[in-house]
1. Name the one entry in 12, 54, 29, 5 that is under 23 Å from residue 109 (Cβ atoms) and more than 17 Å from the chain's Cα centre (by Cα).
2. Please tell me if residue 242 is of a type in the set (Val, Ile, Thr) and outside the structural domain of residue 131 (by TED's automatic domain parsing).
3. Quick check: is even one residue across segment 169-182 farther than 29 Å from residue 258 by Cβ, of a type in the set (Val, Ile, Thr), touching a residue at least 40 places away in the same chain (Cβ under 8 Å) and assigned by TED's automatic domain parsing to the domain that holds residue 112?
4. Check segment 191-214 and report whether any residue there is closer than 30 Å to residue 22 by Cα and either more than 16 Å from the ligand (Cβ to nearest atom) or free of Cβ contacts under 8 Å to residues at least 40 places away in the same chain (or both).
5. Specify which of the listed residues (266, 271, 261) is crowded, with 21+ Cβ neighbours inside 10 Å and not assigned by TED's automatic domain parsing to the domain that holds residue 107.
6. Can residue 278 be described as in contact (Cβ under 8 Å) with a residue 40 or more places away in the chain and touching a Gly at 6+ places or on another chain (Cβ under 9 Å)?
7. Among the candidates 35, 40, which residue alone is within 19 Å of residue 260 (Cα to Cα) and within 16 Å of the ligand (Cβ to nearest atom)?
Amino acid sequence: MSSFLDSRYSALEEYVPGEQPSDGKYIKLNTNESPYPPSPKVVAALNSVEVNKLNLYPDTAVSEMTRRLAELYGVKRENVIVTNGSDEALSFAFMAYARGGVAFPDISYGFYKVYAELYGCDAKIVPLREDFTLDPEDYMNLGRMVVIANPNAPTGLAISPSDVERIAASNPNNVVLIDEAYVDFGGESCVPLTKKYKNLLVVQTFSKYRSLAGARLGFAVGDAALIADLNKLKFSTNPYNINRLSMIAGAAALDDAEYYRANGDRIIAERERTKLELCEMGFECTDSLTNFLLVKPAGIKAEELYIKLKENGVLVRYFAQPRVSDYLRITVGSAEQMDALLAQIRKIVGK
Ligand code: PMP
């Protein structure tokens, strides 16, 4: 840290992303990416003449993607903003709405705490129940912004849209943000509720289900006034937030729903199969509705299993933090990757 850094950032604890080894020698099950490449339509679109236009700035309105997303989710264009990963949507939303305080679960996406600190927000950290389920009553009438990942990460568990509706209705003077990064793996989206609740903002990503983590694309859906707020912050920080190639990739991805549904179904099937096999070994798994499993190993400590798996070429995520330090978060990959994972685990635990 230099002596020039503003003192308000000196104690900031930055977000630590999962390891991204560049040598490709690992079976990578640590950052919830899709094991499948983007749709062939995406690849074809990127090979087009667009590359020759990289000398020109991109469309600040991200018109094509915004139009298609609005059509897909049955809203108007002014209800959608495309962002540089959903992290950027979260960043804008914390900047916009959390200064008066924000509440989120104790076990959830690690970036919420970082944004709260970065933007000087008072964070009310609400413990999940013992079994990691979320009690909607904890979020009623809070008088502050509410942020809930649904399904949650790293628990994989979801609350119902009717619970989200009750939370939104009971906090009419604050924004309720529902982070649906993992919704396409079996969850139920709250996007339709954004038409009824002017304080409800739903955030999604192209990083998981749509195999575009490397393109950095996310979006938020909500009342036009909320989206205007987020655009105000976008145009005050980075008007060209989506680069030309990513917006082409995103638009093409929206053209191939079938491809992604087939991959999503495969991932769901692998999740259930892996869960069953781990349970047979005495491991505990939450009822995940995402593309990862939260797993409590049996006969070996989670951290030790994480280290041994890594030594054997399989990368999973270990969180050295209270309540989940006995667990591993394992991304659901292809059948082959899951076979390799299960074989390594069997070898390590001697089953
Ligand atoms: N929300 C949740 C719950 C996540 O787990 C992640 C990624 N790990 C994100 C948002 C951010 O994803 P991205 O910026 O790639 O869209």
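1. Details: 54 fails: under 23 Å from residue 109 (Cβ atoms); 29 fails: more than 17 Å from the chain's Cα centre (by Cα); 5 fails: under 23 Å from residue 109 (Cβ atoms).
Sole residue among the options that is under 23 Å from residue 109 (Cβ atoms) and more than 17 Å from the chain's Cα centre (by Cα): 12.
2. Judged against the criteria, residue 242 is not a match.
3. Looking for residues that are farther than 29 Å from residue 258 by Cβ, of a type in the set (Val, Ile, Thr), touching a residue at least 40 places away in the same chain (Cβ under 8 Å) and assigned by TED's automatic domain parsing to the domain that holds residue 112, one finds at least one in segment 169-182, hence yes.
4. yes
5. On the way: 266 fails: crowded, with 21+ Cβ neighbours inside 10 Å; 261 fails: crowded, with 21+ Cβ neighbours inside 10 Å.
Exactly one residue qualifies, and that residue is 271.
6. It is false that residue 278 is in contact (Cβ under 8 Å) with a residue 40 or more places away in the chain and touching a Gly at 6+ places or on another chain (Cβ under 9 Å).
7. Numbers: 40 fails: within 16 Å of the ligand (Cβ to nearest atom).
Exactly one residue qualifies, and that residue is 35.
Every residue, every condition in (1) surrounded by fewer than 21 Cβ atoms within 10 Å (Cβ to Cβ); (2) of a type in the set (S, T, N, Q); (3) within 26 Å of residue 286 (Cα to Cα), yes or no:
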position	(1), (2), (3)
124	yes, no, yes
129	yes, no, yes
133	yes, yes, yes
141	yes, yes, no
156	no, no, yes
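The values are calculated or read from the model by the stated rules, or taken from the named source; none is laboratory data. From a predicted model like this one, the values you see are computed outputs, not experimental measurements. All Cβ positions, even for glycine, are placed from backbone atoms using ideal geometry, and neighbour counts span all protein chains on display.
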